[in-house]
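As structure tokens, the structure follows; a few thoughts come after it.
Computed from the coordinates by the stated procedures, all read-outs in this text should not be read as laboratory data. Note that the coordinates shown come from a computational prediction; the quantities given were computed from them, not determined experimentally. Backbone-built Cβ (ideal geometry, glycine too); neighbour counts: all protein chains shown.
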Amino acid sequence: MRVQSVEFFYAREPVVTLDADGSQDALIVRITAGSFVGWGECEASPLTSIAAFVTPRSHGVCQPVSASVLGMPVDSAEDIREIQRLVRRNSMDLLQAAHVLSGVDMALWDLLGKARGVPVWSLLGYTENLPKTPYASVLFGASPEETRERGRAMRERGFRAVKFGWGGFGEGALDADVAQVQAARSGVGEDCELFVDAGQAWGSDVEAARRVLPALADNRVSWLEEPFEAGALAAYAKLGELSGAVGIAGGEAAHDVQMAYNLMRFGKVTFIQIDAGRVGGIGPGTEVAAYAAAHGVAYINHTFTSQLALSASLQPFAGLPGSTICEFPALGSSLAHDMTVDRIEVDTDGLVRAPDRPGLGVDIDLDAISDRLVDVEMVVNGETIYRSTSP
Ligand SMILES: [Mg+2]
């Protein structure tokens, strides 16, 4: 079978705020090949990603992503890897290509899994689907009181690990950061694993970041996530030498496998967090997971949006015994909640697994979000190069 069509559905909440909540809009990908349909989701700016798929070519290695996808065979895992290789080569100067490729890659794996009647993790070579301990991923509250309440609420929902992030952390006075970390610990209680995400607050300033380390250690924070911008590898490595028992995490910004390898190789992170919706998809995520396992780094998914994105990001490490925790989006938008037919629930043991259903096991419900779909048309010199399809 060959890729017959790639369709995009851009959905967004009625009001998109400046909160660091990436679930306020979504770019859903639907691929048709033979009699099968696959779904994917880009963790990316929707309009620019659609543009990367349809833009007129600039030169030989700045082609639209569509040039390497439409009409291609998709009968095997090797076929999907060949599409990866072609997009990376033919769109190397088109920086948004990795983001749209991520959703395309997911949809291709979903489609192939459905055609074969097997889950994606099995197509990736795993023989078992191991349970992971989910951590609730939430933003810091606007005040320490709100953070404490949020922590309590997550414990009441049964989570044994919670991550707080963003919400101005690292951007103001040290006292304010310390108060937030103390509130987080007091909210989740003493017997809960706690993580903190600084959202790249300190740029590449190691001295600014190290000031918060004592408060993290005092409150038994297991990792400090993204203290620096994605490419600040020397700063990551330096902070890791100073952080003692507090691990350093990062990787969600990686949009190819080499960025992720370098964060481990030169940034010396102890936790690598990969979003299949950004790194190029499930295939690249699986390569990073194998590298991490071979180098003693814990691989974790990054997921803050939908259940489809969660399934896709669980696949690359579903069968890796050394990676035992996963990020679980716990407070996403109503859009993220409504857009899927299926849900990945925390089981009675408090654990989460990738679905065992064929493909990604999470289908999209376009009817449920029809009121939030955005009508898009792109016109160049009077010629329509893209028009959104109605569901
Ligand atoms: Mg993060």
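Here are some notes:
- In sequence order, calculated HN-Hα J values of region 210-217 (Karplus, 6.51, -1.76, 1.60; Hz; x Gly/Pro): 5, 5, 8, 4, x, 5, 5, 5
- Per-residue ellipticity at 222 nm computed for the chain from its helices equals -10000 deg cm²/dmol, with DSSP H segments shorter than 4 residues left out and the rest contributing -39,500 (n - 2.57).
- Alpha-carbon centroid distance for the pair region 322-391 / region 1-50, whole angstrom: 8 Å
- Between the amide H of residue 247 and those of 223, 224, distances stay under 5 Å, these residues lying 5 or more places away or on another chain, with hydrogens modeled in the peptide plane.
- Counting every alpha-carbon pair across the chain, the share separated by more than 29 Å comes to 41%.
- Applying the Karplus relation 6.51 cos²θ - 1.76 cosθ + 1.60 with θ = phi - 60° to region 382-391 yields 3J(HN,Hα) values of x, 9, 6, 9, 7, 9, 5, 8, 7, x Hz, where x marks Gly and Pro.
- The residues 236, 291, 135, when put in order of fewest to most other Cβ atoms within 10 Å, stand as 291, 135, 236.
- For 154, 106, 339, the sequence from fewest to most other C-beta atoms within 10 Å is 154, 339, 106.
- Residue 145-residue 371 pseudo-label distance in nm [points 7 Å out on the Cα-to-Cβ vector]: 3.3 nm
- Gyration tensor (alpha-carbon) shape descriptor, region 5-138, a/c threshold 1.5: oblate
- Cα gyration tensor, region 1-61 - rounded (a/c under 1.5), prolate or oblate: oblate
- Under-5 Å amide H pairs with residue 165, H placed in peptide plane, nonlocal only: 138, 139, 140, 197
- Within the listed set 43, 225, 345, the residue fluctuating most in the Gaussian network model of the chain (springs between alpha-carbon atoms under 10 angstrom) is 345.
- For region 176-232 versus region 89-135, the inter-centroid distance based on Cα atoms is 31 Å.
- Region 257-386: C-alpha gyration tensor shape, a/c 1.5 cut-off, then a/b vs b/c: oblate
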